[in-house]
Amino acid sequence: MKQKASFITALAFTIAAASASIAETELTVYTAVEAEDLARYAETFNQSHPDIKINWVRDSTGIITAKLLAERDNPQADVVWGLAATSLLLLKSEGMLEAYAPTGVDQLDSKFVDGDNPPSWVGMDAWVASVCYNTVEAEKLGLTPPSSWKDLTDPQYAGHVIMPNPNSSGTGFLDVSSWLQMFGEEEGWKFMDALHENIARYTHSGSKPCKLAAAGEIPIGISFAFRGAKSKAAGAPLEIIVPSEGVGWDMEATAIVAGTANLEAAQTLVDFTVTKEANEMYNTGYAVVAYPGVAKPVEHFPEGLLDAMIDNDFEFAANNRAAILKEWQARYDGKSEAK
């Protein structure tokens with residue numbers, strides 16, 4: 001009887017040890033996804049893959065991109081899940097990504113997938129620029145609503161506009177790179193010079209300008225449309241304006257970091273990121289997703305926004321990123337919030 005009890009005890013320890021071993025597979029995942037969404041991402045993934053634990057490292061797009069570049073010779077991340085495609089194009093050019101075609105990638109809209117075979121990165125969702133305009137605060141100040149980007153240079157808006165710093169915010173960078181594409185480089189910098197005169201400050205978050213406008217702390221926040229729609233749905237007195245010249249956009253994307261010691265687990269995670277289930281999860285926070293037919297109509301999402309999305313030259317944005325950010329910082333960084 002004692003032998004049987006000992007055998008059962010030993011077997012229990014063996015099973016427990018094996019279970020612990022399985023549960024100890026951990027991935028360090030770098031992301032710029034909104035912090036409020038991360039627990040939901042991990043929980044949804046762990047419903048089908050409880051044996052892989054995600055350790056998040058979260059910051060704004062510019063900071064995560066800079067961190068990855070600084071760690072080039074000693075990578076700390078296994079996977080990047082949710083970073084601007086322009087950043088991943090830069091990392092790809094530096095040889096920092098592990099090419100991989102996740103199972104089911106052929107089901108995605110092709111513009112969300114890197115053109116190489118196998119792809120170095122795969123898109124998840126897209127976010128689109130817009131202007132969040134607080135009608136109540138604007139009326140108090142006697143302002144009239146802008147209808148274009150260039151309207152925002154009108155002296156009536158002096159000190160009443162907030163936008164993201166492109167060095168730290170992906171939304172800020174897509175604004176700047178899109179203005180340079182829309183207006184041409186010379187006219188684009190002239191536009192930003194004039195806009196700078198009206199800027200109260202530059203934030204280090206792409207959603208913050210719209211959140212501040214929604215809270216009535218500033219009448220105009222240059223941000224992205226989904227944040228405006230969420231704030232308006234929550235009762236904020238916002239008008240979400242689509243500037244007439246067109247709007248910049250970028251996509252969040254996923255990639256495996258070259259050199260990861262956890263390649264199999266990383267591939268499992270990336271397989272999940274392209275599934276319909278994952279895209280349904282993204283649609284909770286983004287109106288445009290990579291999997292066709294998944295996106296549901298978003299309350300208060302501005303009409304005509306998707307048609308206003310410019311033909312974004314991601315290669316231009318990625319290849320000129322460092323020069324654009326250096327020029328922007330030299331000209332305008334004096335109004336940036338302290339980090």
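Between ASP307 and ASP51, residue separation times 0.36 nm minus the direct Cα-Cα distance comes to 87.9 nm. Taken about its Cα centre, segment 75-186 carries a charge dipole of roughly 200 debye when the Cβ of each Lys and Arg holds +1 and the Cβ of each Asp and Glu holds -1. The listed residues GLU245, GLU303, GLU264, GLU43, once ranked by accessible area (1.4 Å probe) with the largest placed first, stand as GLU303, GLU264, GLU43, GLU245.
Protein chains only, probe 1.4 Å: how do ILE199, ILE310 rank by accessible area, largest first?
Reading off the accessible areas and sorting them downward yields ILE310, ILE199.
Within the shell defined by Cβ-Cβ distances under 10 Å, the residues around SER168 carry a net charge of -1, with Lys and Arg each +1 and Asp and Glu each -1. Rounded to the nearest 500, the 222 nm mean residue ellipticity of the chain from helices alone is -12500 deg cm²/dmol, with -39,500 (n - 2.57) taken per DSSP H run of at least 4 residues.
Protein-only accessible surface at a 1.4 angstrom probe places the residues ASP116, ASP311, ASP333 in the order ASP311, ASP116, ASP333, largest first.
For the chain, DSSP calls about 60 percent of its internal beta bridges antiparallel.
Where the only charges are on Cβ atoms (+1 Lys, Arg; -1 Asp, Glu), what is the dipole of segment 204-339 about its Cα centre, to the nearest 20 debye? The partial results should precede the final answer.
On the way: 12 positive and 18 negative charges, 111 e Å.
Approximately 540 debye in magnitude.
For the residues ASP73, ASP37, ASP114, a GNM of the chain with alpha-carbon springs under 10 Å puts the largest fluctuation on ASP73.
Taking the Cβ of ARG58 as the center, what net charge do the other residues with Cβ under 12 Å away carry, scoring Lys and Arg +1 and Asp and Glu -1? Here the count lands on -3. Residue pairs exceeding 27 angstrom between C-alpha atoms, taken from LYS296/LYS326; LYS140/LYS326; LYS140/LYS211: LYS296/LYS326; LYS140/LYS326. The heavy atoms of GLU94 present about 80 square angstrom of accessible area, all protein chains included, probe 1.4 Å.
Within the shell defined by Cβ-Cβ distances under 11 Å, the residues around PRO219 carry a net charge of -3, with Lys and Arg each +1 and Asp and Glu each -1.
Between segment 251-327 and segment 148-166, what is the C-alpha centre distance in whole Å? Computed from Cα coordinates, the inter-centre distance equals 27 Å. Across the chain, the mean sequence separation of Cα contacts (distance under 8 Å, 6 or more residues apart), normalised by length, yields a relative contact order of 24 percent. For segment 25-152, give me the percentage of DSSP beta bridges that are antiparallel, rounded to the nearest 5 percent. Antiparallel: roughly 10 percent of the beta bridges in segment 25-152. Result for the chain in a Gaussian network model with C-alpha springs under 10 Å: among VAL105, VAL136, VAL242, the largest mean-square fluctuation is at VAL136.
The heavy atoms of HIS300 offer some 70 square angstrom of accessible surface to a 1.4 angstrom probe.
For the chain, find the longest principal axis of its Cα atoms and tell me its angle to the long axis of helix 185-198, 0 to 90°, nearest 10. With rounding to tens, the tilt is 80 degrees. What number, in percent, do you get for the relative contact order of segment 156-241 if the mean sequence gap of Cα pairs under 8 Å and at least 6 apart is divided by its residue count? 34 percent. Measuring only protein heavy atoms, the 1.4 Å probe finds LYS296 accessible over about 140 Å². The residues of segment 154-289 present an accessible area of 30 Å² per residue when probed at 1.4 Å with all protein chains retained. Among GLU315, GLU98, GLU137, the residue with the largest mean-square fluctuation in a Gaussian network model of the chain, with springs joining Cα atoms closer than 10 Å, is GLU315.
Does anyone have the angle between helix 2-23 and the longest principal axis of the chain? Alpha-carbon axes, 0 to 90°, nearest 10? With both axes taken from Cα atoms, the answer is about 20 degrees.
Taken about its Cα centre, segment 135-289 carries a charge dipole of roughly 460 debye when the Cβ of each Lys and Arg holds +1 and the Cβ of each Asp and Glu holds -1.
The values are calculated or read from the model by the stated rules, or taken from the named source; none is laboratory data. Since the structure is predicted, the reported quantities are computational estimates derived from the model, not experimental observations. Backbone-built Cβ (ideal geometry, glycine too); neighbour counts: all protein chains shown. The protein model used for the area step is the full one, side chains on, heavy atoms only, and it has no ligands, DNA or RNA in it. Shrake-Rupley method; radii C 1.70, N 1.55, O 1.52, S 1.80 Å.
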